[in-house]
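The values are calculated or read from the model by the stated rules, or taken from the named source; none is laboratory data. Model, not experiment: these values are computed from the prediction. Neighbour counts run over all protein chains shown; Cβ positions are idealised from the backbone, glycine included.
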Amino acid sequence: MDGNGRWAKQRFLPRAIGHQRGVEAVRGVVRRAGEVGLEALTLYAFSTENWRRPEDEVSALMGLLKRFILSDLEEIAGNGVRLRIIGDHGAFGPELRDLLDGALARTAGNTGLNLVIALNYGSQDEIARAAARAAAVGPITPETIEAHLDTAGLPPLDLLIRTSGEVRLSNFLLWQAAYAEMLFLDVLWPDFAPAHLDAALAQFAARERRFGGR
């Protein structure tokens, strides 16, 4: 979900306003994902590298996450969405940790869309942790590593979308993206609307996937 800062800069607004508009885009996309029957939607909300940002921006992002949970949890839960977290949210403050743990418990029995939030997440760290856990119980194979990834139990990654015109993965789902289709869009995340998701899914449906075969 890239481009919040640039969206704000283009409008001579504080970066925090861009992040706020980014949260509004999240709401629309999550609702649309449930309507079209997606099994899982993973949103890269906060990376392990994002701690390097200015303290006031990190604090604003944490505040937005708190407000999103407080304002949207009941709607999410009522729509059958199950919340999942990948990464280590234990690094956040106790108030936010408690809110996240409560949201996970509140939606644990739901069977609709898996809404996966990547928080304090970095794919290289995830793979290293998974390999270490796999080695502790037996031989290391692709299968045993995959079984210990943060995404274990979720459906395979089919489509990876990056907004804002950047063409790189930025340490996101590197293992899971091995055979994923990828789509890089020029639209900044605050402008990403349900119609953009519909168009992305249509492009995905038109692609021929061979997974290395002919």
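Restricting to segment 1-17, name every residue that is surrounded by fewer than 18 Cβ atoms within 10 Å (Cβ to Cβ), farther than 21 Å from residue 169 by Cα and of a type in the set (D, E, K, R).
9, 11
Considering every residue within segment 190-212, establish whether at least one is free of Cβ contacts under 8 Å to residues at least 24 places away in the same chain, surrounded by 13 or more Cβ atoms within 10 Å (Cβ to Cβ), farther than 14 Å from residue 86 by Cα and hydrophobic (A, V, I, L, M, F, W, C).
The answer is yes; a qualifying residue exists.
Checking residue 102 against (1) over 28 Å from residue 33 (Cα atoms); (2) surrounded by fewer than 16 Cβ atoms within 10 Å (Cβ to Cβ), which test does it fail?
With respect to (1) over 28 Å from residue 33 (Cα atoms); (2) surrounded by fewer than 16 Cβ atoms within 10 Å (Cβ to Cβ), residue 102 is out only on (1).
All but one of (1) closer than 26 Å to residue 148 by Cβ; (2) crowded, with 17+ Cβ neighbours inside 10 Å hold for residue 20; state the number of the condition that does not hold.
(1)
Looking at 16, 25, 8 in this structure, which one is part of a helix (DSSP H, G or I) and modelled with pLDDT under 95?
Details: 25 fails: modelled with pLDDT under 95; 8 fails: modelled with pLDDT under 95.
Exactly one residue qualifies, and that residue is 16.
So which residues in segment 77-91 are under 17 Å from residue 101 (Cβ atoms) and touching a Gly at 6+ places or on another chain (Cβ under 9 Å), if there are any at all?
We begin by selecting, within segment 77-91, every residue under 17 Å from residue 101 (Cβ atoms); these are 77, 81-91.
Hits for segment 77-91 are 81, 82, 84, 87.
Say we look at segment 138-171 and pick out the residues that are closer than 19 Å to residue 192 by Cα and among the hydrophobic types (A, V, I, L, M, F, W, C); which of these is surrounded by the fewest Cβ atoms within 10 Å (Cβ to Cβ)? I'd like the intermediate steps shown before the answer.
So in segment 138-171, the residues closer than 19 Å to residue 192 by Cα come out as 159-169.
Filter again for among the hydrophobic types (A, V, I, L, M, F, W, C), leaving 159-161, 167, 169.
Details: 159: 16, 160: 17, 161: 19, 167: 7, 169: 15.
Among them, the one singled out is 167.
State which residue pairs qualify: first residue among the aromatic types (Phe, Trp, Tyr) and buried (at least 18 other Cβ atoms within 10 Å of the Cβ) and inside segment 38-66, second residue modelled with pLDDT under 95 and not in a loop (DSSP other than H, G, I, E, B) in any location, beta carbons under 7 Å apart, and separation of 6 or more residues or different chains.
46/61
Restricting attention to segment 1-34, and to residues there that are in contact (Cβ under 8 Å) with a residue 60 or more places away in the chain and of a type in the set (D, E, K, R), which single residue is farthest from residue 91 (Cα to Cα)?
Going through the qualifying residues, I end up with 32.
Looking at (1) within 16 Å of the chain's Cα centre (by Cα); (2) surrounded by 15 or more Cβ atoms within 10 Å (Cβ to Cβ), which one does residue 185 not meet, given that it meets all the others?
With respect to (1) within 16 Å of the chain's Cα centre (by Cα); (2) surrounded by 15 or more Cβ atoms within 10 Å (Cβ to Cβ), residue 185 is out only on (1).
Filter segment 111-137 down to the residues that are closer than 11 Å to residue 148 by Cα and crowded, with 23+ Cβ neighbours inside 10 Å and list them by number.
Correct list: 126 only.
What number of residues in segment 78-90 are surrounded by 17 or more Cβ atoms within 10 Å (Cβ to Cβ) and either outside any loop (DSSP other than H, G, I, E, B) or of a type in the set (A, V, I, L, M) (or both)? Full working, then the answer.
Here is the first cut: in segment 78-90, the residues surrounded by 17 or more Cβ atoms within 10 Å (Cβ to Cβ) are 81-87, 89.
Then drop every residue that is not either outside any loop (DSSP other than H, G, I, E, B) or of a type in the set (A, V, I, L, M) (or both), which leaves 81-86, 89.
Count: 7.
Here are some conditions: (1) closer than 20 Å to residue 121 by Cβ; (2) assigned to a helix (DSSP H, G or I). Residue 45 meets all but one. Which one does it not meet?
(2)
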